[in-house]
Amino acid sequence: MPFARYLSWLELRVSVFLADISRYGPNQTEKVSLDAARAYCRKLARGHYENFSVLSPLVPVSRRDDFAAVYAFARWADDLGDEAGSTDRATELLGWWRGELNRLVAGEAQHPVFLALQATIYARGLAITPFTDLIAAFELDQVKTRYATWDELKDYCRLSANPVGRLVLALLGESQSAEQLAASDAVCTALQLTNHWQDVRRDFLERGRIYVPADMHDIADFDDRLARTLARGFSCDATFFGETRRLVRRLVAKTWSEFDLGEPLLQSVTPTSRPLLWLFAAGGRSVLRNIERWNCETVMQRPTLSKPRKVMLLARAMLAARCSLPLPSLPMSAEWIIDPDPDPDASKFPRTLSTAALETQDA
């Protein structure tokens, strides 16, 4: 998304959030019917920028209100954490949101999102833990802006991303076996990590957050040099871009390994669920491949999926769903591209399944 267009989208998102919280925020008493609550959630699900619409034609008609309710819950929690104006205010609002979830559990939901979500939870037998985990992730964002290790970041993904996959499996009526949940967690973690590497610039400028784990690099004065580079609009010195490209390449390779761990997911689900889950995985993998194609330059750029690419992926998934055709292979790494920044320190950092496979292939 071009930066000017992104700013317009951001301004719209903030204005919508402010309008919503003035109408449905703390101490507001406007009551709505279940039908109106569901319509509000559908509007939220259709109105926000995502790689693919939550209510794509691949979602069963009988489950669309359920998907919209779960999405609206997560969208509100995300906006409360990111658009409140200060960490103190965000923490306060997330506490209120947790309180509204507790009211749902007690059968006393009033907020339109929770009215719709209450009906979904009762009808589909959803657990409450994924919802509390998501709130915990947004609360963590208010107090933690740096990560020391890769495992620490994966723990964050366990709260911020994995619950979404588990909720999707439950809404689709899948078995949710231990193996299926493990594969789903791997895919969702990979999707979250991909988003982090895609949004290095945005996360730092807008939120002051750096999700890049410190144990994945030894770049001197990383925070300061990143800040100076973003303020100037070009590299702060002669070596920073090369160092960050090598860093992002390591992060991307480890993220491919997470996607690899999630490959059994598609074979574990029913044929009716497979195209939708394929679409989500294919979208994330395509973004990761685009990061590689952009030479892992995400400090100043934000690689995204083009509209034609999105349409093509959706069309492939829909064709498979409507005609009972096999799904295409998932997008793979583009690491065959010549690396202009060879990593002299690669031996210092953990090798991954993806990089090991590439080395074997090149041998």
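We did not get these values from a lab; they are worked out from the coordinates using the rules stated. Since we're looking at a predicted model, the values are computed, not measured. A quick note on method: Cβ atoms are made from the backbone with ideal geometry, for glycine too, and the neighbour counts reach across all protein chains shown.
By per-residue mean of other Cβ atoms within 10 Å, what is the highest-first order of 58-70, 292-304, 117-129? The partial results should precede the final answer.
Details: 58-70: 20.5, 292-304: 18.2, 117-129: 16.3.
The packing order, highest mean first, is 58-70, 292-304, 117-129.
Would you work out the relative contact order for the chain, in percent, from Cα pairs under 8 angstrom that are 6 or more residues apart?
Working: 406 pairs, mean separation 55.0, N = 363.
The normalised contact order for the chain reaches 15 percent.
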Sequence ranges 267-280, 137-150, 231-244, ranked by mean other-Cβ count within 10 angstrom, highest first: 267-280, 137-150, 231-244
Tilt relative to the chain, helix 150-160 - C-alpha long axis, 0 to 90 degrees, to 10: 20 degrees
Relative contact order [Cα under 8 Å, 6+ residues apart], the stretch 20-128, whole percent: 32 percent
Net charge contributed by nearby residues that have their C-beta within less than 10 Å of L265 (K/R +1, D/E -1): -3
Theoretical ellipticity at 222 nm over the chain - DSSP helices of four or more residues, -39500 (n - 2.57) apiece, nearest 500: -21500 deg cm²/dmol
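Hey, what's the Kirkwood Rh for the stretch 207-311 if you take every pair of different alpha carbons, in angstrom?
Working: mean 1/r = 0.0633 Å⁻¹.
The Cα-based Kirkwood calculation yields 15.8 Å.
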Relative frequency of Cα-Cα separations exceeding 28 Å in the chain, percent: 46 percent
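Counting only pairs 8 or more residues apart or on different chains, how many lysine pairs in the chain have their Cα atoms under 18 Å apart?
On the way: K31/K43; K144/K154; K154/K254; K254/K348.
Value for the chain: 4.
With a 10 Å radius around each residue's Cβ, average the other Cβ atoms per peptide and rank 74-82, 316-324, 89-97, highest first. Before the final figure, lay out the partial values.
Values: 74-82: 21.8, 316-324: 15.2, 89-97: 18.1.
My ranking of the peptides, most packed first, is 74-82, 89-97, 316-324.
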